[in-house]
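Student: Quick one: the structure is below, and I'll ask about it shortly.
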Amino acid sequence: MDPDGFLPKVLVRRNVSMSHPESQVRASHLENVALISVAGYFNEEIGDEVNHVADGFLKKGFSRMILDLSPCQLVNSPGIAALMALTLNLVQEQKGHLILVGCSPIMVKAFTLATIIPRATQADSVQKAFKALKDPPINA
């Protein structure tokens, strides 16, 4: 996820899917930007965990988040619904910002149909996403 040592150590690492034990959610932060990474299969269980982790970040004052889907192999419909819930909560209700990283072409298509994109934006890498959230400051 971070070959250049750009981000701090993982704060949370959980294998939460009973049906896909190889799937995991990782979370960390740098300054005022939260990073959540999903590996494996993004299903309802993983989506619930992503929302739980994001809620924890929101309670701590983080309103700028990066969701790294680079290690994610597939997102199913309940996973898309969970991501939509996160996007609506963070971007619309909390007036925060969400940048998606590592989306495959099929993910982009599905996220666009679900109107996750353009509410959430995209970046080519975690480093570029972090820079976009830091410099220049995003105006709400």
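Student: If we count other beta carbons within 10 Å of each Cβ, what is the order of 107, 65, 84, fewest first?
Tutor: Result, fewest neighbours first: 84, 107, 65.
Student: Mind jotting down the distance between the C-alpha centroids of the stretch 32-52 and the stretch 75-140, whole Å?
Tutor: 12 Å
Rule-based calculations on the coordinates, nothing more; no lab input. None of the values given here were measured: they were computed from a predicted structure. Cβ atoms come from the backbone with ideal geometry, glycine included; neighbour counts cover every protein chain shown.
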